[in-house]
Amino acid sequence: MHVTPRVIGMRLTHVAHLRLPFGRVLGYELQVSSTADELPVSFDQRRHVAAGERPGSWMAITLRWDVDDLDALATAWRRVVERHGTLCSVFEPAEQPGTDPRLRAVTLGLGRWVEHETAPGARLSDAVRSILDTHCTPYSRPAHRLCVVQGADEATVVIAADHSHVDMWSLLVVARDLRAALDGRLDERPVPAFADHTVALRERPRAPEDVRARWREVLRDAGDVMPRFPLPLGDLEDPVPERVELRDVLDVDASAALSRRARELGVSTLALTTSVMTAATADLAGTGLRAVFPVHSRYDERWHDSVGWFITNSVVDSADASPAACAAAIKEAVRLGSYPLEDVLAPWGGMPQAPGMFAISWLDLRRLPVRIDHLGMQAQYVSAAGRTDGVMVWFVLDEDGMRLRCRYPDTTTARASVRSWLDAVVHGLRRQARRAGAEITVAGVEMLVDRAERTDVATIARLLADDPIGATRESLDLRDYEEAFDAISRDSSQFLAVVRDGEEVVATAQLSIVPGLSRGGATRLQIEGVRVDRHRRGRGLGSALLEWAHEHGRARGARLAQLTTDVERPEARRFYARHGYEATHVGLKRTL
């Protein structure tokens, strides 16, 4: 199976790589008009804010929208901010050394749009970075910002906040709510505030002794600090400028294939990815995979629509690269992160962090209960720029594939070490995707289901014409087929499949993933152009290809498979009926 990424819509990016249209840059300034009660501060908020005022502590999402009315956008933004308590709170520095920062609820006054000048020769991404570095810091009042880049044809909306108030899930909630408010359909019912979650987390049962013992063991093996990257990173006595790499790991079909491979092995896609990382770490460093592993704390549905830092840290400790062992390691990591860390890590005086800390984050957007049309809106999830002494890897999966972002210290040593590890992980994931259900066995012969290449077009055209009906409607001009092939190849919803027996193409089918509103928004798998070489018929090849097509559809989220066949093909209708297809509809066609 071909797994080199093609076009990937949603971008996991960095401010230095941010794509923006050229135009005016506007920011909406909200002023704090009054300060109210003190609010509880979570363990992770305290760690973040106690590091002090600094640029580059924010995270953001950008979306392409038509923005015709800035006043309407400002009104919608205020409604969203007022809906979410954490966006109506600000941090204040500790009053005395050794005390904690304070978090207070605030009332936000009137706002106004301000145009931010872009210096001649400066990039718009640098201008946006400067705005967010200034207005989205731990002690900003408020610590969030709405910006608009007004291009010639459409605008880019930038939603950003200091990390103490949001996580990536929260950015999706805010983006969804802002779009709903603009469209006049925002749910006005109040949602629980993050401060309530902080209280609820403190009231959860203390970690049992076996969890505490496991934390002690993991930290002891790591030198009484959180896990560190297993390869050399250079001199990190002080944080250094960061290097950020963005990698498109798998396109949509290869990502679906990786999920199929995981199911074949009886594990999750995350567990299989962990297996690949464990093997890469063992090959390069001669040790197991040990890393900080963020887990979300939205353990109850009531927090799904809330905004805040619902992330806590755990550790994944994987010494065995077998998928089953890695699945157990992930299960353990989730359990280790399911108890209040402030209490668990008290013997170390908090989270014991050291230069070289290694963290791996996993976000599968397909499984989140909060959804936006991130492909249609050309969403970009943006990280800030700064200095670092650790390695952080983010994996993000969505309907368009898998990609990763990696931040690490920009030293010569770290470049070589981290890149070699990333290369090994990406290569391993692509290798697993190639093995994912791409082989079928027909009459004892192993064959390969593959994405068709342009050199296969002539053979596919011959297969399409090789029956009495096809012979009357197929063209003899290959240019028509090659143009159609090029159009299919550009469309990520299409998979033109061929079955290869060695170097010979012996069957083909075109598979289309069709989103729809009917049947509760069900996605469908449309199957067309199923053909088997006449010399290979009657051996089960068509059945094997059809079952592979069904698995492809399931991996792409399809809940229904549908096809049409000519009324003059009674044998084909009997074939499909044997595979569970029912003649429930009448298909109609006309020439255009």
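The values are calculated or read from the model by the stated rules, or taken from the named source; none is laboratory data. As the structure is a computational prediction, the values presented were derived from the model and not from experiment. In this analysis, Cβ positions are derived from the backbone assuming ideal geometry, glycine residues included, and neighbour counts consider all displayed protein chains. Ligands, DNA and RNA are stripped out before the accessible areas are found, and what is left, the full protein with its side chains, is counted by its heavy atoms. Shrake-Rupley method; radii C 1.70, N 1.55, O 1.52, S 1.80 Å.
A few notes on this one:
- None of THR274, THR278 is surrounded by 14 or more Cβ atoms within 10 Å (Cβ to Cβ), without any contact (Cβ under 8 Å) to a residue 60 or more places away in the chain, assigned to a helix (DSSP H, G or I) and more than 20 Å from the chain's Cα centre (by Cα) except THR278.
- If only residues of segment 438-461 that are at pLDDT below 90 and open to solvent by less than 20 Å² (accessible area, probe 1.4 Å) are counted, the one that is nearest to ALA555 (Cα to Cα) is ALA438.
- Some residue of segment 382-398 being among the β-branched types (Val, Ile, Thr) and within 9 Å of the chain's Cα centre (by Cα): yes
- Per-region count, segment 426-437, residues at pLDDT 95 or above and surrounded by fewer than 24 Cβ atoms within 10 Å (Cβ to Cβ): 3
- Enumerated strands (runs of 3 or more DSSP E) restricted to segment 335-414, each holding at least 3 residues that are farther than 30 Å from GLY223 by Cβ: 380-383, 391-398, 401-409
- Residue that is touching a residue at least 40 places away in the same chain (Cβ under 8 Å), open to solvent by 20 Å² or more (accessible area, probe 1.4 Å), under 21 Å from HIS296 (Cβ atoms) and in contact with a helix residue (DSSP H, G or I) (Cβ under 6 Å, 6 or more places away or on another chain), where the choices are ALA207, ALA193: ALA193
- Residue list for segment 252-286, restricted to those being hydroxyl-bearing (Ser, Thr, Tyr) and either in contact with a Phe, Trp or Tyr (Cβ under 9 Å, 6 or more places away or on another chain) or within 15 Å of ALA329 (Cα to Cα) (or both): SER268, THR269, THR273, THR274, SER275, THR278, THR281
- Candidates ARG519, ARG573, ARG531, ARG539 - the one that is in a loop (DSSP other than H, G, I, E, B) and either over 26 Å from the mean Cα position of the chain (by Cα) or of a type in the set (Ser, Thr, Tyr) (or both): ARG539
- Residue under evaluation ASP400, criteria (1) under 18 Å from LEU284 (Cα atoms); (2) open to solvent by less than 30 Å² (accessible area, probe 1.4 Å); (3) not hydrophobic (A, V, I, L, M, F, W, C), criterion not met: (1)
- Pairs with Cβ under 9 Å, 6+ apart, first in segment 543-555 and under 13 Å from ILE513 (Cβ atoms), second at pLDDT 90 or above and basic (Lys, Arg): GLY553/ARG524; GLY553/ARG559
- Among the numbered conditions (1) in a loop (DSSP other than H, G, I, E, B); (2) touching a strand residue (DSSP E or B) at 6+ places or on another chain (Cβ under 8 Å); (3) open to solvent by 10 Å² or more (accessible area, probe 1.4 Å), the only one that MET226 does not meet is (3).
- If you go through segment 312-334 and keep only what is part of a strand (DSSP E or B) and of a type outside the set (A, V, I, L, M, F, W, C), you end up with THR312, ASN313, SER314, ASP317, SER318.
- Single condition LEU284 does not satisfy, out of (1) touching an Asp or Glu at 6+ places or on another chain (Cβ under 7 Å); (2) surrounded by fewer than 19 Cβ atoms within 10 Å (Cβ to Cβ); (3) of a type outside the set (Gly, Ala, Ser): (1)
- Single unsatisfied condition, ALA161 versus (1) touching a Cys at 6+ places or on another chain (Cβ under 7 Å); (2) on the phi > 0 side of the Ramachandran plot: (2)
- Residue count, segment 474-516 (criterion: of a type outside the set (Asp, Glu), assigned to a loop (DSSP other than H, G, I, E, B) and either open to solvent by 60 Å² or more (accessible area, probe 1.4 Å) or on the phi > 0 side of the Ramachandran plot (or both)): 3
- Count - residues of segment 49-58 that are in a helix (DSSP H, G or I) and crowded, with 19+ Cβ neighbours inside 10 Å: 1
- Options ALA522, ALA507; residue that is farther than 23 Å from LEU448 by Cα, of a type in the set (Gly, Ala, Ser) and in contact with a Leu (Cβ under 9 Å, 6 or more places away or on another chain): ALA522
- Search result, residues across segment 214-223 that are assigned to a helix (DSSP H, G or I) and either among the β-branched types (Val, Ile, Thr) or open to solvent by 40 Å² or more (accessible area, probe 1.4 Å) (or both): ARG214, ARG216, GLU217, VAL218, ARG220, ASP221
- Helices (runs of 4 or more DSSP H) completely within segment 92-210 that count 3 or more residues being in contact with a Pro (Cβ under 9 Å, 6 or more places away or on another chain): 124-135, 194-202
- Screening ASP71 on (1) of a type outside the set (A, V, I, L, M); (2) in a loop (DSSP other than H, G, I, E, B); (3) open to solvent by 10 Å² or more (accessible area, probe 1.4 Å) shows it passes everything except condition (2).
- Total residues in segment 333-363, condition in contact (Cβ under 8 Å) with a residue 60 or more places away in the chain, open to solvent by less than 20 Å² (accessible area, probe 1.4 Å) and either touching a strand residue (DSSP E or B) at 6+ places or on another chain (Cβ under 7 Å) or not aliphatic (A, V, I, L, M) (or both): 9
- Candidate set from segment 9-44 (those that are part of a strand (DSSP E or B) and touching a helix residue (DSSP H, G or I) at 6+ places or on another chain (Cβ under 6 Å)); member that is most open to solvent (accessible area, probe 1.4 Å): LEU39
The rows are residues; the columns are (1) touching a residue at least 24 places away in the same chain (Cβ under 8 Å); (2) hydroxyl-bearing (Ser, Thr, Tyr); (3) open to solvent by less than 30 Å² (accessible area, probe 1.4 Å).
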| residue | (1), (2), (3) |
| --- | --- |
| LEU375 | yes, no, no |
| TYR381 | yes, yes, yes |
| LEU404 | yes, no, yes |
| ALA414 | yes, no, yes |
| SER420 | yes, yes, no |
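- Of residues in segment 542-570 being in a strand (DSSP E or B) and of a type in the set (A, V, I, L, M, F, W, C), the one most open to solvent (accessible area, probe 1.4 Å): LEU560
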